[in-house]
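S.K.: Below is the structure I would like to discuss, written out as structure tokens.
The values are calculated or read from the model by the stated rules, or taken from the named source; none is laboratory data. As the structure is a computational prediction, the values presented were derived from the model and not from experiment. Ideal geometry is used to build each Cβ from the backbone, glycine not excepted, and the neighbour counts take in all protein chains shown. Only protein heavy atoms, including side chains, enter the accessible area calculation; ligands, DNA and RNA are left aside. Shrake-Rupley method; radii C 1.70, N 1.55, O 1.52, S 1.80 Å.
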Amino acid sequence: MSEKLTEEMLTALPDSRGHFGAFGGRFVSETLMDSLMTLEREYLRLKKDPEFQATFDQDLADYVGRPSPLYFAERLTRETGGAQIWLKREDLNHTGAHKVNNTIGQALLASFLGKKRIIAETGAGQHGVATATVCARLGLECHVFMGAEDVQRQSLNVYRMKLLGAEVHSVESGSRTLKDAMNEAMRDWVTNVDDTFYIIGTVAGPHPYPLLVRDFQAVIGRETRRQSLEKTGKLPDALVACVGGGSNAIGMFYPFLTDESVQLYGVEAGGHGIGTGEHAAPLCAGRPGVLHGNRTYLMEDEHGQIAGTHSVSAGLDYPGVGPEHSWLKDIGRANYVSVTDDEALEAFRMLTLVEGIMPALESAHAVAYAVKLAATMDKDQMIVINLSGRGDKDIHTIAQLDGIEL
Amino acid sequence: MSRIEGVLQTLRSQGRKALIPFITAGDPHPDETVGLMHTMVDAGVDIIELGVPFSDPMADGPVIQLASERALKQGTTLRRVLAMVSEFRQSNDTTPVVLMGYLNPIEAMGYEAFADAAIEAGVDGVLTVDLPPEEADKVAPLFAQRGLDPIFLLAPTTTDERIRAISGHSSGYVYYVSFNGVTGAARINVEEVAARVAHIHELTALPVGVGFGIRDAETAAAVGQVSDGVIVGSVLVDTIARNQADIEALKLALTDLLNPMREALDSLAS
Ligand SMILES: Cc1ncc(COP(=O)(O)O)c(C=O)c1O
């Protein structure tokens, strides 16, 4: 790492235009600018408002079930034969993933702004379910945009959203996955900007979304820090989280950024392998560009057209990544690596058999890398995996790969 | 004076309004675009907006999304679009050409390389939908210095403060988006547009072009009455889609669409 990060440096980011170094910003059509500036102003005010924060904390406790446990995976550790492996159990949250931390926060913002119509994009469907859930609770109209391919591979979550009263819009354009769902959500937003709040599901999008989603997810890292000190008397040596847009990873990393002894590993979707070009790993194999309102690492061709992506995990199947990760990569604070579909599937089975915990295929990417990493570390060292979600939604995918019809 | 300013000043002095078509470059095929541009000039257009296709056209409705897909499938790239403008310039050095699109293809080419190549090709202005002036603090001056007019959007949601600031970054004209929505929607409310454009005219001396939702001679005339020009996009792109198999029929269809608009706009001249 070139220079030590300090609290002052961190609180100065993003800057007033939403930049994390060369990344981030606000690249949207003019129609949305006023709404984004209002959102930024209101969020910065509410961030300091004790009543807003108290309501948020209360909801996380009573509705989501926080704090989520920090669990010592003893058998996995023994099988691996290296560092102690701990799991931050975001899979135990209401709705089954970390996504709900953010939707609680943004729905609260929407209420403060008086918006009654909510839109969201979703890949794996976890963010869609978490959005539909908070909308049901608050009596808000909910529209979820989902790529047609994801509608198929995550059909369970589609039905959950419908049961929760949301309207699910299947998106047929482009590659029919998460990026196209986001395009369509932006189109809806530009059309209905007067009465609609867009709940973005990850730390991407135009400023102030990367900032506010990170703040809402940072509860993961704050709890982990405290629990780690309580349970082991020290900070972890390494944190491992999967990176789609990057919200569970930044939520885990952010409260540890100035703790130099803590190594950070973001695990991207290696798909069929980085060498094949069929993956979703912009930080490992992309270059900076502009998409969905921010400048960040992207998968694109030489002409600046966004490339198709592949991952067995719908939630990681995205050609971009949150701008703060791009910055953390460039300053060398976090390491970004990838694991393949096959490695993630193997890790899914391993965690299920060894610990009785079925991870989401997204989270299984983090498990796969952590197991490799742990084997290279000492027995008195400690790794925390952010187990961002549970695997129920992926049973169909796994069964299909096993040739079993459910 | 830029080619765009020249054309708009002449029109203004004649009490006439600019007819500005938008088509996606490379649709239905890169080899046809220059011919379509000449056809539109023959039909009386004043400035041509040439869409640079992008894989993720977030501000566009289905008609222009599909046009971008067709153009990309035929191998259209930003460099190829610049080559089309060069070819167009071989027999036309009076009709201004504005490239309209998204930022990433320009970013991928490199801003300086793009600006140099665009001027070399005979491009006059650049409108990048997802680049508000806040993010254009280096790009807009670079374009202006090379002689490209940076053109920015104004929307129904734009505050007065922003209208002033955006106009300050623009040259050539400003593009008023007539409603909140994507291209191709049919939501235009002419009275609302008239009131907004009159207000914009109080805040900037730049000519105001109005686009989104103009589909025929009637809407063109109604909007032309209150603005300096009308931008017609989706209805032309839709015509291209429906006639892509027969280029001669396509040229006739475009002419049949543009002629009545031209007449309607000119009948406004006092
Ligand atoms: C369980 C789970 N983990 C991770 C992700 C990836 O998103 P992010 O990188 O924003 O955490 C998703 C997205 O759907 C998810 O459902």
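S.K.: Counting only heavy atoms of protein chains, what accessible area per residue, in Å², does segment A:42-131 have with a probe of 1.4 Å?
M.R.: 35 Å²
S.K.: Could you pull the Rg and Dmax for the protein assembly as shown, using just the Cα atoms, both in Å?
M.R.: Answer for the protein assembly as shown, Rg first and Dmax second: 26.2, 89 Å.
S.K.: If you don't mind, there's one more thing I want to ask. Heavy atoms only, probe 1.4 angstrom, no DNA, RNA or ligands counted: give me B:SER227, A:SER175 ranked by accessible area, highest first. Write out the running numbers ahead of the final one.
M.R.: Values: B:SER227 0, A:SER175 45 Å².
These residues rank, largest area first, as A:SER175, B:SER227.
S.K.: Mind checking how much accessible area A and B bury in total, 1.4 Å probe, in Å² rounded to 100?
M.R.: Looking at A and B, the buried total is near 2900 Å².
S.K.: Here is a further query. Excluding residues fewer than 8 places away in the same chain, name every one of the lysines whose C-alpha is closer than 29 Å to that of A:LYS48.
M.R.: Those lysines meeting the cut-off are A:LYS4, A:LYS88, A:LYS99, A:LYS115, A:LYS116.
S.K.: Hey, what's segment B:3-267 come to in accessible area per residue, 1.4 Å probe, Å²?
M.R.: Working: 9400 Å² over 265 residues.
Counting only protein heavy atoms, the per-residue value for segment B:3-267 is 35 Å².
S.K.: Subtract the Cα-Cα distance of A:ALA148 and A:THR352 from 0.36 nm times their separation in residues, and report this length gain in nm to one decimal.
M.R.: Net length gain for the segment: 70.5 nm.
S.K.: If you count, for every residue in A:35-41, the Cβ atoms of partner chains within 10 Å of its Cβ, what is the mean?
M.R.: Numbers: counts 2, 1, 3, 1, 0, 0, 0.
Mean shielding count: 1.
S.K.: With a sphere of radius 11 Å drawn around the Cβ of A:ASP237, what net charge do the other residues whose Cβ falls strictly inside it have (Lys, Arg +1; Asp, Glu -1)?
M.R.: On the way: positive: A:LYS234; negative: A:ASP259, A:ASP378, A:ASP380.
Spelling it out: positives minus negatives among the neighbours equals -2.
S.K.: Tell me, what % of the accessible area of chain A is carbon and sulfur with a 1.4 angstrom probe? All intermediate terms of the calculation are to be shown ahead of the outcome.
M.R.: Working: 6900 of 13920 Å².
The C+S portion of the solvent-accessible surface of chain A is 50 percent.
S.K.: Something else now. Probe 1.4 Å, all protein chains in place: accessible area of A:SER338 in Å², nearest 10?
M.R.: For A:SER338, solvent-accessible area is about 30 Å².
S.K.: According to a simple spin-label model (label point 7 Å from Cα along Cα-to-Cβ), what is the distance in nm between B:SER86 and B:ASP160?
M.R.: Distance between label points: 4.9 nm.
S.K.: Computed FRET efficiency, Cβ-Cβ of B:GLU112 and A:GLU278, R0 35 Å: what is it to the nearest 0.05?
M.R.: Numbers: r = 34 Å, r/R0 = 0.96.
Once rounded, the FRET efficiency stands at 0.55.
S.K.: Now for a different question. Which distance in nm do the two modelled labels at A:LEU156 and A:THR38 give, with both placed 7 Å along the Cα-to-Cβ direction?
M.R.: Computed distance between label sites A:LEU156 and A:THR38 equals 4.0 nm.
S.K.: Next question, about the same structure. List the relative contact order of segment A:165-300 as a percent without decimals, with contacts defined as Cα pairs under 8 Å and 6+ residues apart.
M.R.: 19 percent
S.K.: So, one more: Considering all alpha-carbon pairs of segment A:313-378, what whole percent are spaced by more than 19 angstrom? Could you put the intermediate results ahead of the total?
M.R.: Working: 903 of 2145 pairs.
Summing the P(r) of segment A:313-378 above 19 Å gives 42 percent of all pairs.
S.K.: Could I ask something else about it? List the residues of segment A:288-304 whose accessible area drops by at least 50 Å² when all protein chains are present, compared with their chain alone, using a 1.4 Å probe and counting only protein heavy atoms.
M.R.: Output list: A:VAL290, A:HIS303.
S.K.: Looking at chain A, which Cys residues are left with no other cysteine's beta carbon under 4.7 Å from theirs?
M.R.: A:CYS242, A:CYS284
S.K.: Between beta-carbons, use under 11 Å as the cut-off and find the net charge around A:LEU387, counting Lys and Arg +1, Asp and Glu -1.
M.R.: Charge balance near A:LEU387 sits at -1.
S.K.: Using the Kirkwood radius over Cα pairs, work out the Stokes-Einstein diffusion coefficient for segment B:3-267 at 25 °C and 0.890 mPa s, in µm²/s as a whole number.
M.R.: After rounding, the answer is 135 µm²/s.
S.K.: Can you list residues from other chains, or at least 5 along the same chain, whose modelled amide H is less than 5 Å from the amide H of A:VAL168?
M.R.: Answer set, sorted by chain and number: A:VAL144.
S.K.: Also: Once amide H atoms are placed 1.01 Å from N in the peptide plane, what residues at a sequence separation of 5 or more from B:ALA18, or on another chain, have their amide H within under 5 Å of its amide H?
M.R.: B:GLY229, B:VAL230
S.K.: Further, regarding this structure: Could you estimate the translational diffusion coefficient of segment A:182-336 from the Stokes-Einstein equation, with Rh from the Kirkwood formula over C-alpha pairs, at 25 °C and 0.890 mPa s, in whole µm²/s?
M.R.: 151 µm²/s
S.K.: Could you work out the per residue convex hull volume over the alpha carbons of segment A:59-160, in cubic angstrom?
M.R.: Looking at segment A:59-160, the number lands at 121 Å³ per residue.
S.K.: Pairs of alpha-carbon atoms within less than 8 angstrom and 6+ residues apart define the contacts here; what relative contact order does chain A have, in percent? It would help to have the intermediate numbers written out before the result.
M.R.: Details: 882 pairs, mean separation 84.4, N = 406.
Contact order relative to length: 21 percent.
S.K.: Give the peptides A:150-159, A:91-100 in descending order of average Cβ contacts within 10 Å, highest first.
M.R.: Those peptides, ordered most packed to least, come out A:91-100, A:150-159.
S.K.: Here's something else I'd like to know. Under a point spin-label approximation (7 Å from Cα along Cα-to-Cβ), what is the A:GLU230-B:ASP246 distance to one decimal in nm?
M.R.: 7.6 nm
S.K.: Residues of B:103-112, mean number of Cβ from any other protein chain within 10 Å of their own Cβ, rounded to a whole number?
M.R.: 5
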